[in-house]
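Structure record follows, encoded as structure tokens.
The values are calculated or read from the model by the stated rules, or taken from the named source; none is laboratory data. Remember, it's a predicted structure, so these values are computed and weren't measured experimentally. Positions of Cβ are generated from backbone atoms using ideal geometry, with glycine treated the same way; all protein chains shown enter the neighbour counts.
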Amino acid sequence: MDWARRKIVYVSGSPEKFFGVSREEFCKEPTACLRSMPDYNRAAMLGVSQELKTQRRVIKVVRAQGQDGVLRTLRCSAQLVDIDGRTLLCGSALSLDHAEAVMPAIARRRDIDTAREALAVTDAEGILTYFNQEQAALFGYDHATELVGQSWRILYPPDAVHLIETVAIPGLSARGAWRGRLMGKRRDGSLFDEELSLSRLPGDGIVWNGGSASEEKTAAERLIHSEALFWALLNAVDTGVLIRPVGGAYEFVNTVAANWFGLDSVDPTQPATGGKQLIDDPIFASWEESGRKVASTGERLIFDFPFKRGGKEWIFEVQKTPLFLINGELSHVCTLVRDVTQQRLLERQAEATARRTMEYGEMQREFISMVSHEFRTPLTSIQGTHYLLSKKVGQLPVEQANSMEKLLGLQNEALKNLKELVDQVLLLNRLEHSAPGEPMPQVGVADFFSKLIDGLNVSVAHKRILLELALPENFTASFDVAKMRAAFENLVSNGLKYSADDTKVRVKVMLVPQGWGFSVADCGRGIPEADQAKLFQPFHRAGNVQGVAGTGLGLAIVRRVVDYHGGSITFTTALGKGSEFLLVFSSPQSPEPDSVAISPVLGSGAIKLPIAMTRPPF
Ligand code: ADP
């Protein structure tokens, strides 16, 4: 039977709205009308008529385009009815668009988990009028349209259908929403765990919001597992951890803290007990106070907390740290407790040792200073007697006078050495215990070195050694004059002492990238390699200087002076050729030199040789 060729006997409503043709057109010329319809509409009509060939009642969801051009989802039902021996076809179409229209509103409803996207809608008769792709996939269907028009019951096994009918839908009527877990049935008949939410729609429709419970179960299990790991970690560390919400009781006390404080540890999943003991104990009053401070200021607090229990004593370092939620709200205060008993003991011991070392150092300084001064008094009186004796020598017979003069000469040498030793011990002692405090004066470097060289010329007058000085002009540097003088004199005196007659000792003052410096170079005996490492140690003298008087303190003094000024000292040496000591300081200086003046200064009797020294002699 080709229904399209039959006469339409009655059309109610406005078919043009759904199918784009008027009631009159439909009734007059159904075949032509069908032909002129948009593709959607013709397919829909033919689909229904096709099914009517094999069954008497057809309910089908189709898409059709109305006169206004809008494509709508229609639920078409058609039925063959026998009246007076004639078979009539009764058809109706119902727009399901209301289901789509309510979707955004549904999505906003609080009782629907918007994170789950699988959605279906049934009408008052329990027929699926909307079924989205996610929901289709959940139930193993390829297309959502395969399900529209069917009863929701095909999606569930009998037990679940019973549950929905007897529990879920009545619950839904009572509260407007229902949520539960049941078995869903896939297209292939296999079952799965479904987490289902139902929400009522106006007009007794229902929104079905499903999701695979197994995925949620896995996620929940994962969460539980990682949480368990987290608590296990907190229990495994050797730091006490206590956590409580602001203004609330302790929610967590780890095993370490529980053992220290004799508490029942608090399982975060159980009501707090041990933490309560802690709050109530007056010993912990300072904790409470600091916890309140952290909660009100949001700032971390660290303090030491001495604690006694069962005859044992501890010192704990307590750190109260605020815990903030993602939205910035201060939610909990976490207390971290470290056992620092041993550490504090060692710190106290180290402090005591340092104090004692300082005291010993101070005692040593005072002792050396006292002894040196005590030496000076008898030394001065021996020098006085020596002077008187030397005056009397002239009154003795010539022979006696000669031998007496010899003895007095030896005595004079020994006195000089002893005096130098006492002076150097005193100076070194002072240097050992001095650190830069006051800002040091700016000194005109050229003037400073020229005067020193002049002074030295007088003292080395007996030796035919040329002291040569190379200076850049116009620069000042800040240093301690007395200390720098001591360093310089020791270096120059060594240069003179360990050089042969008629050689040169060259002093060069210079500006260097780090600041300024000076070098003292001689053409003397040099320093054996074996002695070089110990050269700056007090009292160390090299193996090749026997017969030359010295104390072994000069270079130790130079080193202390360099340290005092934060400078550096280096030397180069070659046996039988000479040595050069270079001192460099990073003191501020001004202004930049614009020329280099060379002023040779000569020891008396020396030949005038204006040589500018720019390189070491070897
Ligand atoms: P000393 O009073 O013996 O000169 P110093 O501390 O000044 O003591 O020097 C330590 C040692 O370093 C000296 O004894 C000497 O062996 C060696 N020394 C220092 N300067 C020179 C130098 N310019 N030439 C050779 N040896 C030197």
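Identify, by number, the condition in (1) more than 47 Å from the chain's Cα centre (by Cα); (2) assigned to a loop (DSSP other than H, G, I, E, B); (3) within 15 Å of the ligand (Cβ to nearest atom); (4) surrounded by fewer than 21 Cβ atoms within 10 Å (Cβ to Cβ) that residue 531 doesn't meet.
It fails just one condition, (2).
Which of the residues spanning segment 385-409 are surrounded by fewer than 11 Cβ atoms within 10 Å (Cβ to Cβ) and among the acidic types (Asp, Glu)?
399, the sole residue that qualifies.
Collect the residues in segment 534-567 that are hydroxyl-bearing (Ser, Thr, Tyr) and either assigned to a loop (DSSP other than H, G, I, E, B) or near the ligand (Cβ under 9 Å from one of its atoms) (or both), keeping them in residue-number order.
Correct list: 551 only.
If you go through segment 27-37 one residue at a time, do you hit one that is surrounded by fewer than 14 Cβ atoms within 10 Å (Cβ to Cβ), at pLDDT 75 or above and among the charged types (D, E, K, R)?
Yes, segment 27-37 has at least one match.
Identify all residues within segment 163-195 that are among the hydrophobic types (A, V, I, L, M, F, W, C) and closer than 19 Å to residue 218 by Cβ; write none if there are none.
182, 183, 191, 192
So which residues in segment 491-528 are assigned to a helix (DSSP H, G or I) and closer than 20 Å to residue 566 by Cα?
Once the filter is applied, which keeps residues that are assigned to a helix (DSSP H, G or I) and closer than 20 Å to residue 566 by Cα, segment 491-528 yields only 491.
Could you list, in sequence order, the residues of segment 124-139 that are at pLDDT 85 or above, over 21 Å from residue 180 (Cβ atoms) and not in a helix (DSSP H, G or I)?
125, 127
Of all residues in segment 436-451, which are surrounded by 17 or more Cβ atoms within 10 Å (Cβ to Cβ) and part of a helix (DSSP H, G or I)?
445, 446, 448, 449
Just to be sure, is residue 442 touching a strand residue (DSSP E or B) at 6+ places or on another chain (Cβ under 6 Å), in contact (Cβ under 8 Å) with a residue 24 or more places away in the chain and either under 25 Å from residue 493 (Cα atoms) or of a type outside the set (Lys, Arg) (or both)?
So residue 442 fits the description; yes.
Filter segment 493-526 for residues that are among the aliphatic types (A, V, I, L, M), buried (at least 21 other Cβ atoms within 10 Å of the Cβ) and within 12 Å of the ligand (Cβ to nearest atom) and give the result.
Once the filter is applied, which keeps residues that are among the aliphatic types (A, V, I, L, M), buried (at least 21 other Cβ atoms within 10 Å of the Cβ) and within 12 Å of the ligand (Cβ to nearest atom), segment 493-526 yields 505, 520, 521.
If the Cβ limit is 8 Å and pairs must be 6+ apart or interchain, which residue in segment 338-366 that is over 29 Å from residue 260 (Cα atoms) pairs with which residue that is part of a helix (DSSP H, G or I)?
Going by the 8 Å Cβ cut-off, the qualifying pairs are 365/429; 365/432.
Give, as residue ranges, the strands (runs of 3 or more DSSP E) completely inside segment 174-242 that count at least 1 residues that are exposed (fewer than 15 other Cβ atoms within 10 Å of the Cβ) and either basic (Lys, Arg) or at pLDDT 80 or above (or both).
Hits in segment 174-242: 177-185, 191-200.
What number of residues in segment 147-167 are surrounded by 15 or more Cβ atoms within 10 Å (Cβ to Cβ), assigned to a helix (DSSP H, G or I) and touching a Lys or Arg at 6+ places or on another chain (Cβ under 9 Å)?
Looking only at that region, the number is 4.
I'd like to know if segment 212-233 contains one or more residues that are of a type in the set (Val, Ile, Thr), in contact (Cβ under 8 Å) with a residue 40 or more places away in the chain and under 28 Å from residue 331 (Cβ atoms).
no
Identify all residues within segment 568-600 that are within 16 Å of the ligand (Cβ to nearest atom), among the hydroxyl-bearing types (Ser, Thr, Tyr) and either modelled with pLDDT under 95 or surrounded by fewer than 18 Cβ atoms within 10 Å (Cβ to Cβ) (or both); write none if there are none.
570, 572 - these are the residues of segment 568-600 that are within 16 Å of the ligand (Cβ to nearest atom), among the hydroxyl-bearing types (Ser, Thr, Tyr) and either modelled with pLDDT under 95 or surrounded by fewer than 18 Cβ atoms within 10 Å (Cβ to Cβ) (or both).
What residue, of 483, 451, is more than 51 Å from the chain's Cα centre (by Cα), farther than 19 Å from residue 580 by Cα and away from the ligand (no atom under 14 Å from the Cβ)?
451
Evaluate the following for residue 482: is it out of contact with any Cys (no Cβ under 7 Å at 6 or more places or on another chain), more than 29 Å from residue 385 (Cα to Cα) and modelled with pLDDT under 90?
So residue 482 does not fit the description; no.
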